[in-house]
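What follows is calculated from the coordinates using simple rules that are stated; it is not laboratory data. It should be emphasised that the depicted structure is a prediction, and the values quoted were computed from it without experimental measurement. Neighbour counts are summed over all protein chains in view; Cβ atoms, including those assigned to glycine, are modelled from backbone coordinates with ideal geometry.
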Amino acid sequence: GAVVSQHPSWVICKSGTSVKIECRSLDFQATTMFWYRQFPKQSLMLMATSNEGSKATYEQGVEKDKFLINHASLTLSTLTVTSAHPEDSSFYICSAHSSGEIMETQYFGPGTRLLVL
Amino acid sequence: DAKTTQPTSMDCAEGRAANLPCNHSTISGNEYVYWYRQIHSQGPQYIIHGLKNNETNEMASLIITEDRKSSTLILPHATLRDTAVYYCIVRRNFGNEKLTFGTGTRLTIIP
């Protein structure tokens, strides 16, 4: 199956700093990537949809100026959490949309755990 | 997106078949049923999807009722590694249609 990686797998930062998370599709091209956030004991919540070469589409309630998304190539999307605060501590997961011959579905990365102190 | 309803939790003995139900009574004609699972602290893993016919792959079988208002995911011989949260999602199968995750079913495989 298709492989999606994320880097870093976990990060601890001080309040007020910015953190960048990378999402890569390793063996396929992804025109669309999705960014999710998951708080403890909760389900995944979609934050934004990232299309290669265009601006991301954010879900209602998600601050676009705080969560900067860049999708510069067909294999890489980045999420930058700017001026992170403790309430931004969460599990961030990306997925990449594969428009393959067999099926269309999303493949998920392993997630990035962010802890803001 | 159509909503789905799943039991909050289920237990299954190791080696037995695990049958996970899902209700999707408001599913539209062009929406597929997708199943994903999430093992603790990992990203979701795609399992299977279908439109109206029953589907089987190396991981599981998907049984969809004739009226498409419900479905059942079957793990034929559950192992301890199948302990996870299982999500049933309905979604149109084209373009960049997003996945909307509900609360899922927490399946615990018991030794």
* Asked: What Cys residues in chain B are without a partner cysteine, judged by a Cβ distance under 4.7 Å?
  -> B:CYS12
* To do: Return the tail of the calculated pair distribution for region A:1-115, meaning the percent of Cα-Cα pairs more than 19 Å apart.
  => 41
* **Hydrodynamic radius of chain B per Kirkwood, over alpha carbon pairs, in Å** => 14.0
* Structure fact -> The alpha-carbon center of region B:71-111 and that of region A:2-67 are separated, in whole Å, by 22
* To do: Please find the FRET efficiency linking A:ILE12 to B:SER28, where r is the Cβ-Cβ separation and R0 is fixed at 45 Å, and quote it to the nearest 0.05.
  => 0.55
* Pairs beyond 20 Å (Cα-Cα), from A:LYS14/A:LYS41; A:LYS64/B:LYS3; A:LYS20/A:LYS55; A:LYS20/A:LYS64; B:LYS3/B:LYS52; A:LYS20/A:LYS66 -> A:LYS14/A:LYS41; A:LYS64/B:LYS3
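Give me a single rounded figure for B:33-43: the average over its residues of other chain Cβ atoms within 10 Å of their Cβ.
Per residue, the number of nearby Cβ atoms from other chains is 4 on average.
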* When the gyration tensor of region A:24-75 is built from Cα positions, what are the square roots of 5 times its three eigenvalues, in whole Å, from largest to smallest? -> 21, 15, 8
* Structure fact -> Computed D for the protein assembly as shown, Stokes-Einstein, Kirkwood radius over alpha-carbon pairs, 4 °C, 1.567 mPa s, to the nearest µm² per second, is 71
* Asked: In debye, nearest 20: dipole of region A:1-62 around its Cα centre with unit charges on the Cβ of K, R (+) and D, E (-)?
  -> 280
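Would you work out the relative contact order for chain B, in percent, from Cα pairs under 8 angstrom that are 6 or more residues apart?
With pairs under 8 Å counted, the relative contact order is 37 percent.
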